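Notes for the one structure printed next.
The values are calculated or read from the model by the stated rules, or taken from the named source; none is laboratory data. Keep in mind it's a predicted model, so treat the numbers as computed, not measured. For neighbour counting, all protein chains shown are included, and Cβ atoms are generated from backbone atoms with ideal geometry for every residue, glycine included.
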Amino acid sequence: MADGGLCSFISYLVNLVLFDNGSASNAISAQICKPLGLIFSNKLQMKRQLLQTLTLFVILTSCNNNDKTSKNNKQTDNQTTETQVSVREPNNTENGSIKGNFGGCGYNYTPSENAIDLYEPRPRELSQINSILKFSGLASNFKIYSASIDNAVATIIDNKRYILYDPKLLSYTDIKSGNYWSSMSILAHEIGHHLSGHTITNKGSNPKDELEADKYSGFILYKLGATLSDATNAIRTLGNDVGSTTHPPKSERIKAITQGWNEANQTRYNGAIPPPPNDNVENLCEYTSTMLIDKEYIIADEDNSMYGNPDILYGIITEVDKDITRLKIHIVKSSQSFNEGFRKIDGEDWDVTIDNNNWGGNSEMDHSCSLNFSSFFVPGRRMKFGMVEGYPGCGTSEAGHWHLTYAKAIDGNKF
Ligand SMILES: [Zn+2]
């Protein structure tokens, strides 16, 4: 890692994924790093997801690891008082242990323990880590153990990568914030250290690496569906107001998480579902056809057959155009009546039109709801809705155009 800026960083990530142990494969590094394009066309074609993640990390870190890692290596050379660290991994019958000062990147401070016991990880944390890795597109090549260390740590011992966490700490932050996003962000932060190729010595971390790992956690939490407040909960609970030589103050760390979260928010990713907007669905209008459809068409629908009783669907708005005339909706569930009248479209992404010449209805209330499209139709909105194809009397000219006829915001978990 010490000698090659962008290329060594990329080859480091390639190593991280393709090789089980952490030994840097410099020969491969030299070969694959000549033309950058070669990596993309040969080595990584089969690993499309890895490519996306590499691109992400190039963007996230600008690959400025060169100077930093050289400096860190020098520090390590100068401070050769490292004690021998040995790891005994736990198995089904007995606990494991780490003997010696293992250091590494702790979530909030550098660990200083000289001996700890290791336990098999709980299924909950394993599943959380798997979710994080799924969204980063990388395979796990680190070992995960639970330990009583009141911390979460990314460390490398004997060229093997470890993530150690204290289940009590994760539970504490989750209970305090009332959801599981806090532990998610702590684990994502530690994974971020490994995936960003930070040089982890037993001398602890440095503020720049910490902010990179924080930014990564914000980025990945957005992709997992967390709100900004969810993504910053853990650091607001556990962070220190004053920075140390290894960890920045929490104000800076909140900024870094926010930056990562915003970057993910501004970039379109296939399959990413935006988190719910930060508002109270009870305060939003329930939109009916008179607020969503032009008066002429409502009148043309003499027998009320098109706009009368919508076949209900459930979905999440993933995109809204500038003028709020077109939505992209990820369909979560469609009602039996919709399925029978058309077909089952669960899991599909649909373009739906909003009639911007809408009528506004007869009442003040209807009118004001019509003027409030911009607060309702936002990416991430979970809603119950109705849509019909075409307009009454329009023949086939409107075939394939689906118009919104009903919409009611719902809480994210109530599909
Ligand atoms: Zn850290």
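In the set (1) over 35 Å from the mean Cα position of the chain (by Cα); (2) outside any helix (DSSP H, G or I); (3) of a type in the set (D, E, K, R), the condition left unmet by GLU296 is number (2). Those strands (runs of 3 or more DSSP E) of the stretch 324-390 in which at least 2 residues are among the basic types (Lys, Arg), within 17 Å of CYS285 (Cα to Cα) and modelled with pLDDT of 90 or more, considering only elements entirely within it, cover 382-389.
Every condition in (1) touching a residue at least 40 places away in the same chain (Cβ under 8 Å); (2) part of a loop (DSSP other than H, G, I, E, B) is met by THR93 except one, and the failing one is (1). Screening GLU364 with (1) more than 24 Å from the chain's Cα centre (by Cα); (2) touching a residue at least 24 places away in the same chain (Cβ under 8 Å) gives one miss only, at (2). Can you tell me which residues in the stretch 328-338 are surrounded by fewer than 15 Cβ atoms within 10 Å (Cβ to Cβ) and out of contact with any Asp or Glu (no Cβ under 6 Å at 6 or more places or on another chain)? Once the filter is applied, which keeps residues that are surrounded by fewer than 15 Cβ atoms within 10 Å (Cβ to Cβ) and out of contact with any Asp or Glu (no Cβ under 6 Å at 6 or more places or on another chain), the stretch 328-338 yields only GLN336. Here VAL281 meets each of (1) under 21 Å from the mean Cα position of the chain (by Cα); (2) touching a residue at least 12 places away in the same chain (Cβ under 8 Å); (3) surrounded by fewer than 19 Cβ atoms within 10 Å (Cβ to Cβ); (4) more than 30 Å from SER112 (Cα to Cα) with one exception, condition (1). Only one residue in LYS215, LYS223 is within 14 Å of the ligand (Cβ to nearest atom), charged (D, E, K, R) and under 30 Å from PRO277 (Cβ atoms). Which one? Testing whether each residue is within 14 Å of the ligand (Cβ to nearest atom), charged (D, E, K, R) and under 30 Å from PRO277 (Cβ atoms) leaves just LYS215. Checked against the criteria, ASP209 does not count as assigned to a helix (DSSP H, G or I), touching a Pro at 6+ places or on another chain (Cβ under 9 Å), assigned by TED's automatic domain parsing to the domain that holds GLU94 and within 14 Å of the ligand (Cβ to nearest atom). How many residues are in contact with a His (Cβ under 8 Å, 6 or more places away or on another chain) and closer than 19 Å to LEU313 by Cα when one looks only at the stretch 351-373? Selection size over the stretch 351-373: 4. Taking the stretch 233-261 as the range and being crowded, with 24+ Cβ neighbours inside 10 Å and more than 15 Å from the ligand (Cβ to nearest atom) as the test, the residues that pass are ASN233, TRP261. The condition of being of a type in the set (Ser, Thr, Tyr), assigned by TED's automatic domain parsing to the domain that holds LYS344 and exposed (fewer than 14 other Cβ atoms within 10 Å of the Cβ) does not hold for SER289.
Flag: LYS168 does not match the condition of being modelled with pLDDT of 90 or more, away from the ligand (no atom under 16 Å from the Cβ) and under 22 Å from the mean Cα position of the chain (by Cα). Where residues in the stretch 92-144 are over 29 Å from the mean Cα position of the chain (by Cα) and among the acidic types (Asp, Glu), which of them is nearest to the ligand (Cβ to nearest atom)? For the stretch 92-144, the residue satisfying everything is GLU113.
The set of residues from the stretch 356-368 being buried (at least 20 other Cβ atoms within 10 Å of the Cβ) and in contact with a Leu (Cβ under 9 Å, 6 or more places away or on another chain) comprises ASN358, TRP359.
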